[in-house]
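The values are calculated or read from the model by the stated rules, or taken from the named source; none is laboratory data. What you see is a predicted model, and the numbers here were worked out from it, not measured in a lab. No Cβ is skipped: glycine too gets one built from the backbone with ideal geometry, and neighbour counts run over all protein chains shown. Areas reflect the complete protein model, heavy atoms only, side chains present, ligands, DNA and RNA absent. Shrake-Rupley method; radii C 1.70, N 1.55, O 1.52, S 1.80 Å.
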Amino acid sequence: MASEIELIDVTKRYPGTGQPAVDSVSMTIPAGEIVVFVGPSGCGKTTTMRMINRLIEPTSGRITIDGEDTLSLDPDRLRRGIGYAIQQAGLFPHLTVGQNVGMVPGLLGWDKTRSSDRVDEMLDLVGLDPGDFRDRYPRQLSGGQQQRVGVARALAADPPVLLMDEPFGAVDPITRGNLQDELMRLQAELRKTIVFVTHDFGEAVKLGDRIAVLGPQSRILQYDTPEQILANPADDTVAGFIGAGASLKQLTLLRVREVELSKAVTASVTDDPADIRAKLTEAGRGFALLLDDRGRPVSWVHARTPGRPTPVGDSVTLQSTLQDALEAILTEGGAAVVTGSRGEYVGLVEIDTVMSTVRRLREEAGA
Amino acid sequence: MTFWDFVADRWNRLVGEALLHVSAVVQCTVLAAAIGVGIGIAVHRSPLGSAVATALTSAILTIPSFALLGLLIPVLGLGAPPTVVALVLYGLLPIVRNTIVGLNGVDTSVRDAARGIGMSRAGVLTRVELRLAWPAILAGVRISTQMLMGIAAIAAYARGPGLGVEIFAGLTRAGSANATNQAIAGTLGIVILALLLDGIFALVGRYTVSRGIRGE
Ligand SMILES: Nc1ncnc2c1ncn2[C@@H]1O[C@H](COP(=O)(O)OP(=O)(O)OP(=O)(O)O)[C@@H](O)[C@H]1O
Ligand SMILES: [Mg+2]
């Protein structure tokens with residue numbers, strides 16, 4: 001279940017300010033896709049997003065969800081039908097995890113059993129054991145766990161639309177990577193329409209089906225797939241922002257063996273799922289790479305479903321160009337598997353590695 | 001007569017006055033809490049409103065209690081009415097101030113999330129903001145109660161009820177038999193009652209403040 005969102009000439013002028021914070025923005029957010037708003041601080045990403053659920057009322061213009069004008073709806077009711085997750089999670093500290101997640105079903109008047117079944121289902125979905133976590137309070141959770149609960153709360157009433165404002169902004173890079181993997185796994189299942197705000201272009205490339213690069217006053221500088229934006233930045237501002245410029249072309253000149261590879265958690269295809277799970281828990285990672293008896297990569301498994309692997313699609317070799325690696329990352333999501341001369345696993349190229357290489361090349365070119 | 005003989009002799013009367021004293025203080029605190037929290041809710045979003053409400057309620061506290069009673073008696077007569085009005089007025093400041101502080105202490109991200117998931121304004125106030133401000137509000141009410149225990153004694157000046165009667169009688173008869181005993185009995189009674197009430201507040205706190213926001 002998903003909905004198309006359309007912004008038509010939307011403008012927001014805060015009282016007492018000269019320039020509008022959002023100036024006449026029009027865009028269509030297709031049903032079932034993740035659209036990422038990315039842009040420098042203060043450019044109006046949050047304002048634009050919050051006009052969709054009317055936490056901020058547009059000064060002029062229209063926003064429709066599945067063709068229905070949001071201004072014609074009761075704002076509280078509108079918001080109950082739109083998932084909302086923010087940085088710092090914004091959990092209610094006086095309520096347990098279960099009560100937090102069950103809040104929207106409660107507001108919608110679901111009965112107790114349906115609500116509590118749903119809470120357990122949601123906690124399970126975001127990788128938290130309901131038995132262990134349902135009765136804890138937010139302060140008894142790590143930052144990453146709080147973010148998961150925030151996402152579970154946003155999803156609890158099965159809204160067709162999800163708004164996420166830097167939901168992983170306040171956690172360490174490893175946890176952020178895991179949460180991103182988790183969100184992509186969820187989205188593969190749920191197919192919601194997700195508007196995701198970040199100022200990390202790497203995160204945008206990893207998560208977005210489409211990326212809207214925004215400039216001051218939320219002006220849309222480019223709105224396209226990550227591949228297109230990386231390959232053909234619309235102008236120098238976009239190129240500058242994605243840290244690429246002319247140097248993106250240089251990715252075809254660099255080989256995978258020239259960058260530092262990261263390590264996946266690995267296991268053998270014959271390993272017991274429970275052992276794999278324990279290994280992942282210990283390493284604090286979400287995914288493990290399964291290798292066959294000759295060390296060749298076969299499939300990925302997620303910590304929560306160690307019995308259900310998904311096959312490795314595109315992989316690259318040490319001789320491949322970084323451009324190939326980037327394409328593999330974009331199709332595979334998150335990281336590309338690198339194999340050696342006999343097809344054996346040697347490491348991973350992660351999106352962050354590609355992005356920092358691009359940045360380095362650019363600095364060298366500028367120097 | 002020793003002090004303890006005096007207390008034993010007048011036990012029934014002292015207990016009666018103690019009950020009246022507590023009941024006056026508790027009722028006035030409840031009234032002050034209802035009014036004070038209401039004022040706090042009304043003004044907490046506006047810095048100017050908060051400043052005015054705090055200044056006005058502190059100004060009340062600076063009026064000596066004798067003077068306030070003296071001003072109220074011509075208007076309201078003797079007995080309960082001036083006592084109640086004076087106690088409620090004195091009790092306002094800690095409650096108003098702590099309500100404002102407590103509500104302003106609610107994390108903006110929590111308020112934002114509450115609105116964002118579709119709680120109505122009233123829902124956000126009653127189900128989130130007041131719950132989170134509750135420890136501060138309760139602390140304010142507790143301070144008011146302690147203050148009013150002492151101030152209530154002065155109500156005897158307006159022929160109000162309570163242990164103040166003993167203290168006043170003792171002080172006006174200074175030098176005569178049992179005068180000191182009488183004043184001490186009244187004072188000690190108030191101190192004991194104050195400690196008891198404080199214990200009850202600690203218990204109320206234990207059972208009404210969510211474990212999620214209790215500092216432990
Ligand atoms: N309530 C407000 N009143 C007045 N101006 C505001 C208000 N909220 C935001 N602004 C202004 O509007 C502009 C856009 O703000 P917004 O929060 O949408 O930016 P953002 O892109 O989300 O930034 P960040 O990446 O830092 O979160 C900024 O210049 C900001 O100062
Ligand atoms: Mg923002």
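Could you list, in sequence order, the residues of segment A:93-133 that are outside any helix (DSSP H, G or I) and buried (at least 19 other Cβ atoms within 10 Å of the Cβ)?
Taking segment A:93-133 as the starting set, the residues that turn out to be outside any helix (DSSP H, G or I) are A:93-96, A:102, A:108-111, A:126-129.
Passing the criteria: A:H94, A:L95, A:T96, A:G102, A:V126, A:G127, A:L128.
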- prompt: Which members of segment A:123-175 meet the condition of being within 16 Å of ligand 1 (Cβ to nearest atom) and away from chain B (no Cβ under 13 Å)?
  reply: A:F168
query: What are the residues in segment A:21-54 that are surrounded by fewer than 18 Cβ atoms within 10 Å (Cβ to Cβ) and either of a type in the set (V, I, T) or within 16 Å of ligand 2 (Cβ to nearest atom) (or both), if any?
result: A:T28, A:P40, A:S41, A:G42
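Among B:I213, B:I154, B:I137, B:I190, which is the only one that is outside any helix (DSSP H, G or I) and among the aliphatic types (A, V, I, L, M)?
Values: B:I154 fails: outside any helix (DSSP H, G or I); B:I137 fails: outside any helix (DSSP H, G or I); B:I190 fails: outside any helix (DSSP H, G or I).
After ruling out the rest, the residue left standing is B:I213.
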- request: Of all residues in segment A:14-34, count the ones that are within 15 Å of ligand 1 (Cβ to nearest atom) and of a type in the set (V, I, T).
  value: 3
query: Can you tell me which residue in segment B:42-58 is surrounded by the fewest Cβ atoms within 10 Å (Cβ to Cβ), limited to those that are assigned to a helix (DSSP H, G or I) and touching a residue at least 24 places away in the same chain (Cβ under 8 Å)?
result: B:S58
task: Could you tell me which numbered condition A:R285 fails, if it satisfies all but one of (1) assigned to a loop (DSSP other than H, G, I, E, B); (2) surrounded by fewer than 16 Cβ atoms within 10 Å (Cβ to Cβ)?
output: (2)
message: Regarding segment A:157-164, can at least one residue be identified that is in a strand (DSSP E or B), away from ligand 2 (no atom under 16 Å from the Cβ) and over 12 Å from the mean Cα position of the chain (by Cα)?
response: yes
task: Would you check if there is a residue in segment A:137-156 being within 16 Å of ligand 2 (Cβ to nearest atom), in contact (Cβ under 8 Å) with a residue 12 or more places away in the chain and out of contact with any Phe, Trp or Tyr (no Cβ under 8 Å at 6 or more places or on another chain)?
output: yes
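For residues that are under 25 Å from A:Q146 (Cβ atoms) and open to solvent by 30 Å² or more (accessible area, probe 1.4 Å), tally how many sit in segment A:55-75. Before the answer, list the steps.
Of segment A:55-75, the ones under 25 Å from A:Q146 (Cβ atoms) are A:55-56.
Filter again for open to solvent by 30 Å² or more (accessible area, probe 1.4 Å), leaving A:55.
Total meeting the criteria: 1.
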message: Looking at (1) touching a Ser or Thr at 6+ places or on another chain (Cβ under 7 Å); (2) farther than 28 Å from A:P138 by Cα, which one does A:V36 not meet, given that it meets all the others?
response: (2)
- line: In the set B:I35, B:I39, the lone residue that is in a helix (DSSP H, G or I), modelled with pLDDT of 90 or more and crowded, with 19+ Cβ neighbours inside 10 Å is B:I39
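When residues of segment A:17-41 are filtered for being closer than 27 Å to A:M184 by Cα and free of Cβ contacts under 8 Å to residues at least 12 places away in the same chain, how many remain?
Of the residues in segment A:17-41, the ones closer than 27 Å to A:M184 by Cα are A:26-41.
If we keep only those that are free of Cβ contacts under 8 Å to residues at least 12 places away in the same chain too, we end up with none.
Residues that pass the stated criteria total 0.
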query: Has segment B:107-122 got any residue that is within 14 Å of chain A (Cβ to nearest Cβ), β-branched (V, I, T) and in a helix (DSSP H, G or I)?
result: yes
field: Residue check for A:R77: in a helix (DSSP H, G or I), away from ligand 1 (no atom under 16 Å from the Cβ) and under 30 Å from A:P15 (Cβ atoms)
entry: yes
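Tally up the residues in segment B:167-216 that are hydroxyl-bearing (S, T, Y), closer than 22 Å to B:V15 by Cα and in contact (Cβ under 8 Å) with a residue 60 or more places away in the chain, please. Give the steps one after another, and end with the answer.
The initial filter retains those residues of segment B:167-216 that are hydroxyl-bearing (S, T, Y), namely B:172, B:176, B:180, B:187, B:207-208, B:210.
Next, only the ones that are closer than 22 Å to B:V15 by Cα stay: B:172, B:180, B:187.
So of that shortlist, the ones also in contact (Cβ under 8 Å) with a residue 60 or more places away in the chain come out as none.
Adding up the residues that qualify gives 0.
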- prompt: Can you name the residue in segment A:183-232 that is buried (at least 17 other Cβ atoms within 10 Å of the Cβ), over 14 Å from the mean Cα position of the chain (by Cα) and part of a helix (DSSP H, G or I) and is also farthest from ligand 2 (Cβ to nearest atom) among such residues?
  reply: A:L230
query: Taking segment A:38-58, which residues are within 6 Å of ligand 1 (Cβ to nearest atom) and within 14 Å of chain B (Cβ to nearest Cβ)?
result: A:T46, A:T47
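Please work out if B:R142 is open to solvent by 10 Å² or more (accessible area, probe 1.4 Å), assigned to a helix (DSSP H, G or I) and either within 13 Å of another protein chain (Cβ to nearest Cβ) or under 17 Å from B:H44 (Cα atoms) (or both).
Values: open to solvent by 10 Å² or more (accessible area, probe 1.4 Å): yes; assigned to a helix (DSSP H, G or I): yes; either within 13 Å of another protein chain (Cβ to nearest Cβ) or under 17 Å from B:H44 (Cα atoms) (or both): no.
When the stated conditions are applied, B:R142 does not pass them.
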- request: For B:V101, indicate whether it is out of contact with any strand residue (DSSP E or B) (no Cβ under 8 Å at 6 or more places or on another chain), under 30 Å from B:G212 (Cα atoms), open to solvent by 60 Å² or more (accessible area, probe 1.4 Å) and β-branched (V, I, T).
  value: yes
query: Given the conditions (1) in contact (Cβ under 8 Å) with a residue 24 or more places away in the chain; (2) more than 13 Å from every other protein chain (Cβ to nearest Cβ); (3) under 14 Å from A:Q87 (Cα atoms); (4) away from ligand 1 (no atom under 16 Å from the Cβ), which single one is not true for A:T198?
result: (4)
message: Can you pull out every residue in segment B:170-186 that is assigned to a helix (DSSP H, G or I) and within 13 Å of B:F6 (Cβ to Cβ)?
response: B:G170, B:A179, B:T180, B:N181, B:Q182, B:A183, B:I184, B:A185, B:G186
statement: Checked against (1) β-branched (V, I, T); (2) within 16 Å of ligand 2 (Cβ to nearest atom); (3) within 14 Å of another protein chain (Cβ to nearest Cβ), A:T70 satisfies every condition except (2)
